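Have a look at the structure below before the remarks.
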Amino acid sequence: MNFGRGPAVVLNVGGTRYSFSREVLKDFPLRRVSRLHGCLSEQDVLEVCDDYDRERNEYFFDRHSEAFGFIMLYVRHGHLRFVPHMCELSFYNEMIYWGLEGSHLDYCCQRRLDDRMSETCYYAAEEPPGEPTRGSEGKGRRPPGAEGRKWLERMRRTFEEPTSSVAAQVLATVSILFVIVSMVVLCASTLPEWRAPENRSVEEQSRIIEAICIGWFTAECIVRFIVSKNKCEFVRRPLNIIDLLAITPYYISVLMTVFTGENSQLQRAGVTLRVLRMMRIFWVIKLARHFIGLQTLGLTLKRCYREMVMLLVFICVAMAIFSALSQLLENGLDLGTKNKDYASIPAACWWVIISMTTVGYGDMCPITVPGRILGGICVVSGIVLLALPITFIYHSFVQCYHELKFRSARYGRSLSAEFLN
């Protein structure tokens, strides 16, 4: 921030003033407030807040002052609760505006929010970062380069949000068709009839189709990279990393084929080529960009990594205990009957895993009475341990689904307006 005077920065939210130092804004927990630190001009400031007073270095936000007061309590003490006598969805809208999510709420308030979302058709009025706010729209000013930035923003939304416009929906449909075609060709190429010598022409056609699909995915990825706002953030996004993993193996395999030949005597190179070609299965994950269900699954796994780690610890501890006991009862004790399937603890770990998950392949099973009793305890313990974190994961899944559904519905309304216009 290289404008304004004085060491203090004043935030005016609905008539209530808050004073901070400039350095505090840099790592402020609220994303919208922390963005002020990176503003280089008054134009950038007006994209974040509704108005700005240069003389007093004061930033105006036309938002609910009491709700922001409760949000500031979260900033200071780490606990976020609903404002009494205020609609949960209205407060949730304020949270989204300032850059918070439903997961920041205390557990009791999260339950209230989920119940409220389940019984209403409310759509959160979230403002995407970087779009002009209501205050800046009423100024009537169009700074230089605004048209170019607006065009880039429309292009970015067209490629990133499949429901934001008619062009975005057409683009998403074409991308889905390419993914489906590439998956069908990949599956068919593993059939023995497909690889028969008399079907060389079919194999050549499949390679042409594969090249066309890769060309489409590469062009799409390049365009999305060009129109993105933050190139570093673009590279770090999980879906973009998956796109890179799906595209890169094709070009590596082409280069290896050029240098080593199709009938290469280098066995390792041949194995590498087959592995790289099979990595095309990552293309199916590209569907997550166009379906809320897959996005919800990915967002849930991201937010519930602590619960996942806890579940993994539960399984590892139980596996260590039951595998050692089963090896001792089935093979370690000299009881006249030794079960060779349990010759070692690592071998017994496989039995513990399929028993705790109630899969039960039947490839190995205890034959002694103590071993069978231990097996029953192992199965019951597995059911209990796997069920413990399910409540937290389900709660996060519902919350993520509502958030993504609201965002999709918001862009759907803009799509309807485009049709009307």
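The values are calculated or read from the model by the stated rules, or taken from the named source; none is laboratory data. These numbers come from a predicted model, not from an experiment. FYI the Cβ positions are ideal-geometry reconstructions off the backbone, even for glycines, and counts take in every protein chain you see. Quick note on the areas: whole protein, heavy atoms, side chains included, nothing else; ligands and nucleic acids left out. Shrake-Rupley method; radii C 1.70, N 1.55, O 1.52, S 1.80 Å.
Whole-Hz Karplus values for region 285-295 come out as 6, 4, 5, 4, 5, 10, 10, 5, x, 5, 5 Hz, taken residue by residue from phi with 6.51 cos²θ - 1.76 cosθ + 1.60 and θ = phi - 60°; glycine and proline positions read x.
Near the amide H of residue 52, within less than 5 Å, lie the amide hydrogens of 60, all on another chain or at least 5 residues away, with H placed in the peptide plane.
Could you sort 151, 350, 216 by accessible area so the largest value comes first, with the probe set to 1.4 Å?
151, 350, 216
Between residue 73 and residue 391, the distance separating the two model label sites (each 7 Å from Cα on the Cα→Cβ line) works out to 2.5 nm. Counting heavy atoms of the protein chains alone, residue 222 has an accessible area of about 90 Å² for a 1.4 Å probe. Across 302, 340, the residue with the most accessible area heads the list, and the full order at a 1.4 Å probe is 340, 302. Put a plus charge on the Cβ of each Lys and Arg, a minus charge on the Cβ of each Asp and Glu, and nothing anywhere else: the dipole of region 1-98 about its Cα centre is then about 360 debye.
Accessible surface of residue 155, taken over heavy atoms with a 1.4 Å probe and every protein chain present, rounds to 50 Å². Seen from residue 81, the other residues with C-beta closer than 14 Å to its C-beta sum to a net charge of -1, counting Lys and Arg as +1 and Asp and Glu as -1.
Note on residue 232 and residue 85: with the Förster distance fixed at 35 Å, the Cβ-Cβ geometry gives a FRET efficiency of about 0.20. Less than 5 angstrom separates the built amide H of residue 86 from none of the residues sequence-distant by 5 or more or on a different chain. With 24 Å as the limit on Cα-Cα distance, the pairs of 150/286; 26/150; 231/405; 26/405; 26/231 that go past it are 150/286; 26/150; 231/405; 26/405.
With the whole protein complex present, residue 401 retains an accessible surface near 90 Å², based on a 1.4 Å probe. Ordered by solvent-accessible area of protein heavy atoms (1.4 Å probe), largest first, the residues 221, 49, 108 come out as 108, 221, 49. Put simply, the amide H of residue 9, placed in the peptide plane, has neighbours under 5 Å in 20, 21, 22, leaving out anything fewer than 5 places away on its chain. When only alpha carbons are used to place a centre, region 159-177 and region 187-257 end up 19 Å from one another. Considering only protein heavy atoms and a probe of 1.4 Å, how much of the accessible area of region 13-79 is carbon and sulfur, as a whole percent? Carbon and sulfur together cover 48 percent of it.
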